[in-house]
Amino acid sequence: MGILYDDVVIINQSEKEEDPTVITINCPDKTGLGRDLCRIILFFGLSIVRGDLSTDGKWCYIVFWVIGNSTTRWSLLKKRLLGVCPSCSSASGLLYYRAELQSPKPPDVFLLTLCCLDRKGLLHDVTRVLCELELTIKKVKVSTTPDGRVMDLFFVTDTRELLHTRKRQEDTHNRLKVIMEDAMISCDIELVGTEITACSQASSFLQSVITEDMFHLEMPNELPSRSLTSNSVSVTMDNMLSPGHTLVQINCQDHKGLLYDIMRTLKDYNIQISYGRFSMRQRGSCEIDLFIVQSDGKKIVDPSKQNALSYRLQMELLQPLRVAVVSRGPDTELLVANPVELSGKGRPLVFHDITLALKMLDTCIFLAEIGRHMIGDREYEVYRVLLDEGDGLPVPRSKIEEGVWKMLMGWE
């Protein structure tokens with residue numbers, strides 16, 4: 001089967017900003033393709049308001065209706081979507097499916113060391129620029145000295161794979177200099193070994209009670225807070241409607257990255273989607289219908305497997321991330337837990353949203369770290385932010401929890 005290169009990903013931009021832009025993907029299928037596409041759309045800050053997906057297991061056709069804004073870089077988005085579509089070989093302008101023969105090489109990890117004078121909102125401004133430059137933050141350590149200076153250590157990978165070049169490093173330095181102005185003291189970029197980030201785990205002094213609260217994988221009898229969970233989630237399965245597929249019907253409240261959360265969960269369970277439809281209803285409610293099969297191409301008939309999948313989907317949609325503000329001695333610490341996929345990737349832009357929420361709440365950051373922590377059979381990316389209280393927190397702890405949660409969920 002052949003297809004013109006320009007037809008693999010087609011983006012029909014809307015004339016009005018409030019109207020959805022239509023993204024069409026027509027390419028060979030691969031396991032986890034829907035998750036990869038949704039993750040990129042989430043990274044570009046777009047909201048999916050409708051979606052259709054169909055595949056015969058070899059070729060797929062996907063349509064997303066998304067809401068962007070005036071700053072959306074549509075041409076770059078198309079390039080990134082093309083990048084996750086299965087590799088093809090070109091002949092006379094046509095693309096033909098070519099199976100992947102080797103796993104992709106792990107990206108190089110660079111250490112960005114930034115020394116500067118402190119000010120409110122500085123960490124978010126730096127994080128925003130790194131996101132715009134497509135530098136993915138793998139690990140971060142931020143500290144403030146008594147004389148008002150900040151030392152930021154960012155371990156990053158480059159989506160464009162150009163950070164080893166002088167031009168890319170100079171561009172990064174100049175972009176940071178623009179937003180920091182005279183606050184910048186020094187900025188250095190160097191290549192480091194991947195083992196530095198591969199071994200990064202959450203700090204051992206996380207208290208056990210915090211760990212249990214943050215990483216509890218069981219469905220709680222009572223949700224911790226109405227403001228820190230999505231509204232009720234309904235997941236039903238039906239094996240009667242289709243002779244060859246299990247129908248999964250999900251009704252829930254919309255949130256940022258909803259389809260990504262569904263796709264990553266199904267991918268971790270090695271579930272394949274043959275046909276799917278997503279639509280938004282009134283007051284932010286969503287309806288999702290998915291016709292799925294197991295990796296062997298058969299329905300899910302085992303009740304225990306059905307219950308396990310339904311249970312996990314409910315948990316991931318009720319609380320796709322965990323947020324808590326806790327005491328650590330005399331200090332106040334914000335903790336955010338981001339589940340990591342079996343592929344090793346986590347939800348994008350989490351640190352960006354955390355720092356933006358704290359900036360909007362006029363709350364300063366004294367220390368910040370990102371590490372990975374294993375709890376049972378789940379791995380989490382843990383964001384630990386020690387808040388600068390000074391003369392006291394400007395807002396109550398509950399407001400910080402709620403503000404960060406709403407920013408992460410797209411309800412701000």
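The table for this structure:
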| quantity | calculated |
| --- | --- |
| Count of region 301-324 residues which are in contact with a helix residue (DSSP H, G or I) (Cβ under 9 Å, 6 or more places away or on another chain), open to solvent by 20 Å² or more (accessible area, probe 1.4 Å) and in a helix (DSSP H, G or I) | 1 |
| Count of residues meeting criterion [at pLDDT below 95 and β-branched (V, I, T)] in region 7-33 | 2 |
| Which numbered condition D152 fails, given (1) closer than 29 Å to W74 by Cα; (2) buried (at least 18 other Cβ atoms within 10 Å of the Cβ); (3) touching a helix residue (DSSP H, G or I) at 6+ places or on another chain (Cβ under 9 Å); (4) without any contact (Cβ under 8 Å) to a residue 60 or more places away in the chain | (1) |
| Hits in region 254-291 - residues which are farther than 22 Å from I40 by Cβ and either at pLDDT below 95 or open to solvent by less than 10 Å² (accessible area, probe 1.4 Å) (or both) | R281, Q282, R283, G284, S285 |
| One residue from D362, D377 being at pLDDT below 90 and open to solvent by 40 Å² or more (accessible area, probe 1.4 Å) | D377 |
| All positions within region 155-179 that are open to solvent by less than 10 Å² (accessible area, probe 1.4 Å) and β-branched (V, I, T) | V156, T172 |
| Positions within region 125-159 being outside any strand (DSSP E or B) and among the hydroxyl-bearing types (S, T, Y), in sequence order | T127, T145, T159 |
| Options K141, K167: the member that is in contact with a Phe, Trp or Tyr (Cβ under 9 Å, 6 or more places away or on another chain) and either without any contact (Cβ under 8 Å) to a residue 12 or more places away in the chain or under 27 Å from G346 (Cβ atoms) (or both) | K141 |
| In region 42-72, the residues that are part of a loop (DSSP other than H, G, I, E, B) and over 22 Å from R347 (Cβ atoms) | D56, G57, K58, S70 |
| Filter result for W405 (surrounded by fewer than 20 Cβ atoms within 10 Å (Cβ to Cβ) and over 22 Å from R119 (Cα atoms)) | no |
| Residues that are open to solvent by 30 Å² or more (accessible area, probe 1.4 Å) and under 16 Å from Y260 (Cβ atoms), drawn from region 66-80 | I67, R80 |
| Residue match in region 160-178 (condition: outside any strand (DSSP E or B), of a type in the set (S, T, Y) and under 22 Å from K79 (Cα atoms)) | yes |
| Condition met for G57 (surrounded by fewer than 18 Cβ atoms within 10 Å (Cβ to Cβ) and out of contact with any Gly (no Cβ under 7 Å at 6 or more places or on another chain)) | yes |
| Top-ranked residue in region 325-352 [being open to solvent by 20 Å² or more (accessible area, probe 1.4 Å) and of a type in the set (G, A, S); ranked as nearest to H373 (Cα to Cα)] | G344 |
| Neighbours by Cβ (under 6 Å, 6+ apart or cross-chain): first from region 279-293, part of a strand (DSSP E or B); second open to solvent by 60 Å² or more (accessible area, probe 1.4 Å) | S279/R50; S279/E287; C286/M280; E287/N251; D289/Q249; D289/R277; F291/Y275; V293/Q272 |
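The values are calculated or read from the model by the stated rules, or taken from the named source; none is laboratory data. None of these values were measured; they are calculated from a predicted model. Positions of Cβ are generated from backbone atoms using ideal geometry, with glycine treated the same way; all protein chains shown enter the neighbour counts. All accessible areas refer to the heavy atoms of the entire protein, side chains included, with ligands and DNA or RNA removed. Shrake-Rupley method; radii C 1.70, N 1.55, O 1.52, S 1.80 Å.
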